[in-house]
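Trainee: The structure is given below, and queries will be raised subsequently.
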Amino acid sequence: MSEKMEKGTETIRLENGSPFQFLMERKSPVQIRKMDKIKIQLRKSCTCSMRKMKKTAMDFFPVLRWLPKYNCKEYIWGDVMSGLVIGIILVPQAIAYSLLAGLKPIYSLYTSFFANIIYFLMGTSRHVSVGIFSLLSLMVGQVVDRELLLAGFDLNDDPQETANVRGHLNVTVYNFTLGSGSTECGKECYAIGVATALTFLAGVYQVLMGLFRLGFVSIYLSEPVLDGFATGASLTILTAQVKYLIGIKIPRTQGYGVSVTTWVNIFRNIAQTNFCDVITSAICIAVLVTAKELGDRYKHRLKVPLPTELVVIVVATLASHYGRLNEVYGSSVSGTIPTGFIPPQVPSFGLMRRVAVDAFPLAIVGFAFTVSLSEMFAKKYAYTVRANQEMFAIGFCNIIPAFFHCFATSAALAKSLVKSSTGCQTQASSVVSAVVVLLVLLFFAPLFYNLQKCVLACIIIVSLRGALRKLKDVPRRYHLDKIDALVWCVTMFASALISTEMGLLVGAVFSMLCIVGRTQYPHAALLGQIGNTVFYEDDEEYKNLLTVPKVKIFRFEAPLYYANKDFFLKCLHKRTGLDPAVEMAKRKKAKRKGQRSLETETGQAETTSCLVPKHSGLQAIIIDCSAISFVDTAGVSTLKDTRKDHWELQIAVLLAGCNRSVIDSLERGGYLGSANKDMHELLFYNIHSAVQFVREEILADVSVV
């Protein structure tokens with residue numbers, strides 16, 4: 001292949017051994033000044049018309065697009081059924097996940113209600129279920145516990161048990177001035193203040209990321225990182241629930257290594273086990289697991305999933321109430337869950353300064369899970385979602401509810417799967433679910449006063465089955481991709497043994513380091529010809545390949561940049577068996593010996609024989625650049641030095657299969673000579689073109705000499 005630059009137009013002539021030449025003329029790029037681009041963008045963004053306002057409103061509230069077209073006869077039954085099922089599941093999960101967040105159950109119910117309403121208005125996915133999520137509840141709970149401890153509250157104190165008062169929401173034992181306000185509140189009030197400040201900031205971050213089109217941040221949370229994080233966090237959640245399962249009271253710790261410390265405290269206090277809680281836990285887990293397994297096995301026959309959690313909660317509450325398990329056996333119960341809504345309150349700006357850093361991983365995790373689930377269901381049911389609008393939707397699902405005493409939300413896989421399997425057609429099902437939660441909030445919440453906490457812990461643990469089962473997938477992951485399996489394991493162990501936030505950071509950083517490592521130490525190989533074809537492959541991977549006489553074909557399977565240029569040279573020298581610096585040193589040494597031989601009058605013939613290089617007659621090295629996606633300035637310098645060093649040994653270095661980006665970098669770096677006059681001797685369309693050039697030009701010249 002030959003390439004020239006004529007009158008600003010690049011021409012490419014393809015030589016394939018035939019007398020024909022193909023002329024390829026590169027398109028001239030359309031040059032637009034930056035100021036013109038800015039003016040066009042501003043004109044497009046700042047113009048206002050009724051049509052544009054309507055489109056903006058419909059984009060921001062997608063419900064305005066699909067609700068007027070709602071097919072009642074076709075969709076209503078599926079939406080009502082899935083909404084009822086999700087609402088029935090939400091109630092026990094909301095009460096249970098309040099343990100993870102370190103808050104009262106009423107706040108979890110508020111969160112489930114408002115999240116469903118807001119996502120109905122703003123979400124673009126038809127099938128995801130947005131509400132409380134175990135991983136986010138855990139992250140919120142860890143921040144709440146830390147701030148309570150720093151504020152001087154006792155984490156082991158239970159205000160409900162201390163006051164033993166029913167029907168009053170904020171049971172205050174400690175006096176504390178909240179943030180910048182003058183309202184005095186106790187432990188429970190301060191805890192929800194921290195949670196709402198954290199949630200508000202997480203929502204603000206998500207909205208800002210949507211405004212500045214920063215959704216790409218979640219791309220760095222790969223599937224192994226998210227799965228490892230979910231599994232590690234699930235182990236942390238499991239550890240936190242063990243004390244409720246066996247009915248012991250242990251000190252709540254903060255910092256890194258909480259899981260290890262918790263298990264140490266569990267074994268130290270194992271003698272305090274409450275056997276009533278142990279028996280209740282064993283029965284509940286057996287019933288829940290059996291029901292889940294039967295549901296999974298016969299899910300194709302069941303039109304709706306079994307409401308096992310609700311049945312267990314109702315039965316357990318009745319048994320606890322009539323058996324007086326709290327009074328007789330000292331079993332810990334949920335306590336008062338008031339009805340109605342608390343007046344809205346602005347989140348504390350004083351507390352926001354304390355939790356600003358913690359809100360960022362919360363925002364990233366919530367957005368990443370929501371978008372990944374939205375895209376998964378959109379692909380399954382053949383419709384489209386807008387990732388940027390999903391970021392706005394989940395952001396306002398955090399910002400607005402923060403004024404109504406709610407904490408962080410996102411889409412949850414388990415509930416979304418149930419929602420899609422029960423006939424959901426649109427987000428109208430979210431309104432039905434919100435109505436179910438509203439009925440509990442207004443009328444039925446106080447009925448769960450005697451519900452044992454160990455029952456809630458059982459519901460949480462059984463809901464972790466999916467994430468914990470991924471531990472069995474490690475051998476399969478290792479078989480598919482060793483690096484991905486390593487990323488999964490590192491993220492899982494960091495999340496479980498250090499902390500959830502640190503585990504996410506460690507996983508993301510380690511994943512990016514693995515990518516850097518793959519490009520810094522990529523695979524490199526010598527290629528051989530496949531028979532008499534024009535194709536070439538790795539001679540270490542395939543048998544019966546033909547070598548090209550006096551030519552080495554080298555492939556480097558990564559971008560060539562500053563971090564791997566030394567590795568590139570090392571591999572090139574090792575594969576070709578020739579280091580130009582060493583060879584030049586040998587020649588200089590041979591030359592000195594020749595001069596000494598001449599001085600001793602041994603004759604010119606001996607001098608000439610000493611100057612003959614002792615390598616294998618190599619005449620050309622062809623570098624296959626088809627796997628090199630880009631070359632930076634350090635890479636161009638490396639190629640220039642490589643060509644210069646080998647040319648001093650009378651060995652030509654040719655490049656084959658370069659993409660347009662690599663060619664542009666070589667042109668800018670001066671690799672092709674002034675005005676690219678040497679392009680036709682240095683760059684070739686494919687390996688075979690370069691081989692043909694070597695045979696016809698370089699080897700022919702050598703044979704003539």
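Trainee: If you put +1 on each Lys and Arg Cβ and -1 on each Asp and Glu Cβ, how big is the dipole of the chain around its Cα centre, in Debye rounded to 20?
Mentor: Using Cβ point charges on Lys, Arg, Asp and Glu, the chain gives about 1100 debye.
Trainee: Oh, and also: Taking the 0 to 90 degree range and rounding to the nearest ten, how far is the long axis of helix 428-439 tilted relative to the main principal axis of the chain, both from C-alpha atoms?
Mentor: It is inclined by approximately 30 degrees.
Trainee: Something else now. Please report Rg over Rh for region 311-391, where both radii come from the alpha carbon positions and Rh follows the Kirkwood definition.
Mentor: 1.20
Trainee: Further, regarding this structure: List the chymotrypsin sites (Phe, Trp or Tyr not before Pro) within region 52-137 that DSSP assigns to loop and that have no more than 16 neighbouring Cβ atoms inside 10 Å.
Mentor: Within region 52-137, the qualifying chymotrypsin sites (Phe, Trp or Tyr not before Pro) (loop, at most 16 other Cβ atoms within 10 Å) are TYR70.
Trainee: Separation between the GLU697 and GLU537 pseudo-spin-labels, each 7 Å from Cα along Cα→Cβ, expressed in nm?
Mentor: Each label point is offset 7 Å from its Cα along the Cβ direction, giving 3.0 nm.
Trainee: If you don't mind, another one. In what order do VAL225, VAL289 fall by count of nearby beta-carbon atoms within 10 Å, going from fewest to most?
Mentor: Ordered from fewest to most neighbouring Cβ atoms within 10 Å, VAL225, VAL289 come out as VAL289, VAL225.
Trainee: Between LEU214 and LEU155, what FRET efficiency follows from the Cβ-Cβ distance if R0 is 30 Å, with the result rounded to 0.05?
Mentor: 0.25
Trainee: Please give the FRET efficiency for ASP59 paired with PHE630, using the beta carbon to beta carbon distance and R0 = 30 Å, rounded to the nearest 0.05.
Mentor: The pair ASP59/PHE630 has a calculated efficiency of 0.25.
Trainee: Could you point to the residue in TYR449, ALA382, ASN269 farthest towards the positive end of the chain's charge dipole, with +1 and -1 charges on the Cβ of Lys/Arg and Asp/Glu respectively?
Mentor: Checking the options against the dipole of the chain, the answer is ALA382.
Trainee: For ALA620, what residues show an amide H to amide H distance below 5 Å, using hydrogens built from the backbone and excluding near sequence neighbours?
Mentor: It is LYS552, ALA652, by chain and number.
Trainee: On a 24 Å Cα-Cα criterion, which of the cross-link pairs LYS69/LYS380; LYS187/LYS415; LYS104/LYS249 come out too long?
Mentor: Exceeds cut-off: LYS187/LYS415.
Trainee: Using a Förster distance of 56 Å, how high is the FRET efficiency between LYS588 and VAL30, based on the Cβ-Cβ distance and rounded to 0.05?
Mentor: The formula returns an efficiency of 0.55 here.
Trainee: May I ask for the distance between the Cα centers of region 297-316 and region 214-236, given as a whole number of Å?
Mentor: Measuring centre to centre over Cα atoms gives 30 Å.
Trainee: When the chain is fully extended, how far beyond the present Cα-Cα distance does LYS249 get from LEU294, taking 0.36 nm per residue of separation?
Mentor: 12.8 nm
Trainee: Something else about it: When the helix-only estimate is applied to the chain (DSSP H runs of n ≥ 4, each -39,500 (n - 2.57), divided by the residue count), what is the mean residue ellipticity at 222 nm, nearest 500 deg cm²/dmol?
Mentor: -18500 deg cm²/dmol
Trainee: Next up: Could you check the simple spin-label distance between HIS321 and SER49, using points 7 Å along Cα→Cβ, in nm with one decimal?
Mentor: Result: 6.3 nm between the two label points.
Trainee: Region 240-269: which chymotrypsin sites (Phe, Trp or Tyr not before Pro) are DSSP loop and have at most 13 other beta-carbon atoms within 10 angstrom?
Mentor: Within region 240-269, the qualifying chymotrypsin sites (Phe, Trp or Tyr not before Pro) (loop, at most 13 other Cβ atoms within 10 Å) are TYR256.
Trainee: Based on the alpha carbon coordinates of region 412-534, what radius of gyration and maximum Cα-Cα distance (Dmax) apply, in Å?
Mentor: Just the Cα atoms of region 412-534 yield Rg and Dmax of 24.1, 84 Å.
Trainee: Along each principal axis of its Cα atoms, how long is the chain end to end? Whole angstroms, biggest number first, please.
Mentor: 116, 68, 57
Trainee: Considering only the chain, what is the antiparallel percent among its DSSP beta bridges, to the nearest 5?
Mentor: 60
Trainee: Something else about it: Once you have the Cα-Cα distance between LEU306 and ILE270, take 0.36 nm times their residue separation minus that, and quote the gain in nm to one decimal.
Mentor: Length gained, LEU306 through ILE270: 9.5 nm.
Trainee: Work out the charge dipole of the chain with +1 on the Cβ of Lys and Arg and -1 on the Cβ of Asp and Glu about the Cα centre, then indicate which of ALA286, PHE693, LEU649 is farthest towards its positive end.
Mentor: PHE693
Trainee: Please arrange GLU74, GLU557 by how many other C-beta atoms lie within 10 Å of their C-beta, fewest to most.
Mentor: Neighbour counts put them in this order, fewest first: GLU74, GLU557.
Trainee: For ASN544, project a label point 7 Å along Cα to C-beta. Then give me every residue of region 498-532 with its amide nitrogen under 19 Å of that point.
Mentor: 527-532
Trainee: Once you treat every alpha carbon in region 493-602 as an equal point and sum by Debye, what is log10 I(q)/I(0) at q = 0.10, 0.13, 0.24 Å⁻¹?
Mentor: The calculated log intensity ratios at q = 0.10, 0.13, 0.24 Å⁻¹ are -0.57, -0.75, -1.21.
Trainee: Here is a follow-up. Compare the peptides 291-297, 47-53 by average per-residue count of other Cβ atoms within 10 angstrom and give them in order, highest first.
Mentor: 291-297, 47-53
Trainee: Over region 64-515, calculate the relative contact order: mean separation of alpha carbon pairs under 8 Å at least 6 apart, over the residue count, as a percent.
Mentor: Computed over region 64-515, the figure is 37 percent.
Trainee: In nm, to one decimal, how far is the modelled label at ALA356 from the one at PHE341, with both set 7 Å along Cα→Cβ?
Mentor: 3.1
Trainee: When averaged across all projection directions, what area in nm² does the alpha-carbon convex hull of region 385-434 cover?
Mentor: 4.1
Trainee: Separate question: Measuring from centroid to centroid over Cα atoms, what is the spacing of region 77-93 and region 384-401 in Å?
Mentor: Centre-to-centre (Cα) distance: 22 Å.
Here, each number is a calculation from the coordinates, and none is a lab measurement. For clarity, every value in this text was computed on a predicted model and none was experimentally measured. Methodologically, a virtual Cβ is constructed for each residue, glycine included, from the backbone with ideal geometry; neighbour enumeration extends over all protein chains shown.
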